[in-house]
Amino acid sequence: LVSRKRHPQDTIVDIRGQKIGDGNKYFVAGPCSVESEEQVRATAREIKRHGLTLLRGGAFKPRTSPYDFQGLGEEGLKILRKVADEFGLSVISEIMAPEDVEMSLKYVDVIQVGARNMQNFNLLKAVGRVKKPVLLKRGLAATIEEFKYAAEYILSQGNDQVILCERGIRTYERATRNTLDITAVPILKQETHLPVAVDVTHSTGRRDIMIPAAKAAIAIGADMVMAEVHPDPAVALSDSQQQMDFPQFDTFMDALKPVVFS
Ligand code: PEP
Ligand code: MN
């Protein structure tokens, strides 16, 4: 079902009227984790100021250590919805458990399936059964073929509103947090009919190369770029090393503005 051979025309994923895959370039920005209403509001204001419409933020956080901040859960989703509505933004947030999918529908505009859950087949089936766009992230050690099969699980249940997100894979290289597999973008564009996103934050883990990484993603054909932005990354409860602060986000957006649609 994901194959372009069977379905030659591009699938457009409609996020409240924003048509991902229509040839324009979309940006998703926001904090790694939802920490407070004030934090989300400050970030939403910046996003709006730059003319963007897609707000991300994690409420259910798949942390490596069980002792790290696990997210605010449903409370975090409520904050995202409330603030997004104030600014007319759409909400993208990760759901980790199949039993939370139904609950999330009233808060989110896009359900994110995180890298660590790319092969959580019950979750994939659950998001496949609802009428809500899904941002599916590539697993940390998943081949492109496995990534496509994960998307196939979602489509097999009737939901074709899927965006594929390259977010870096685990290699021996330690200069970046993960290795951004940039050529996955044109391969996924050729072999599937789904829109493709690149997460420049989790793939690189480096603020100093975010601009060239985003430019490369756009140049190679990505429909969407995702990056993390936080009012004060130094005190962030997750990913404090890699989130951009507002001045850095300004510089980032100035560099990308010529190609950004929304
Ligand atoms: C995220 O985007 O919040 C996240 C946890 O990313 P990933 O699943 O790609 O590690
Ligand atoms: Mn993060």
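Throughout, read-outs are computed from the coordinates displayed, never taken from laboratory work. Given the structure is predicted, the values throughout are model-derived calculations rather than measurements. Here the Cβ is made from the backbone with ideal geometry for all residues, glycine too, and neighbour counts use every protein chain on show.
A few remarks follow.
- Near the amide H of Met226, within less than 5 Å, lie the amide hydrogens of Val28, Val198, Asp199, Val200, all on another chain or at least 5 residues away, with H placed in the peptide plane.
- In terms of its C-alpha gyration tensor, region 73-137 comes out prolate, because a/c is 1.5 or above and the ratio a/b outweighs b/c.
- The charge dipole of the chain, taken about its Cα centre with unit charges on the Cβ of Lys, Arg, Asp and Glu (plus for the first two, minus for the last two), comes to roughly 520 debye.
- Relative contact order (percent, whole number), region 1-72, Cα cutoff 8 Å, 6+ residue spacing: 25 percent
- Residue order, fewest to most beta carbons within 10 Å, for Ser203, Ser240: Ser240, Ser203
- Computed over region 135-222: relative contact order in percent, which uses C-alpha pairs under 8 Å that are six or more apart: 27 percent
- Length gained on full extension, Lys215 to Ala234, computed as 0.36 nm times the residue gap minus the Cα-Cα distance: 4.3 nm.
- Listing Asp208, Asp250, Asp181, Asp199 from fewest to most neighbouring C-beta atoms within 10 Å gives Asp208, Asp250, Asp181, Asp199.
- Compared with the alpha-carbon gap, the fully stretched path from Arg206 to Thr64 is longer by 49.2 nm at 0.36 nm per residue.
- Residue of Glu166, Glu102, Glu228 that the Gaussian network model of the chain assigns the largest fluctuation, springs spanning Cα pairs under 10 Å: Glu102
- Long-range lysine pairs (8 or more apart or interchain), region 116-262, Cα under 17 Å: 6
- Separation of the Glu75 and Leu1 label points, Cα + 7 Å toward Cβ, nm: 3.7 nm
- Convex hull of alpha carbon positions in the chain: directionally averaged projected area 12.2 nm².
- For region 190-207, 3J(HN,Hα) computed residue by residue from phi via the Karplus equation (6.51, -1.76, 1.60; θ = phi - 60°) reads 6, 8, 10, 9, 8, x, 10, 10, 10, 8, 7, 7, 6, 6, 8, x, 9, 5 Hz, glycine and proline entered as x.
- Inter-label distance for Gln157 and Glu86, nm, one decimal - labels placed 7 Å from Cα along Cα-to-Cβ: 3.3 nm
- Helical runs assigned H by DSSP (4 residues or longer) give the chain a calculated mean residue ellipticity at 222 nm of -9500 deg cm²/dmol, each run adding -39500 (n - 2.57) before division by the residue total.
- Vicinal HN-Hα couplings computed from phi for region 249-258 (Karplus, 6.51 cos²θ - 1.76 cosθ + 1.60; Hz; Gly/Pro x): 5, 4, 4, 4, 5, 4, 6, 9, 3, x
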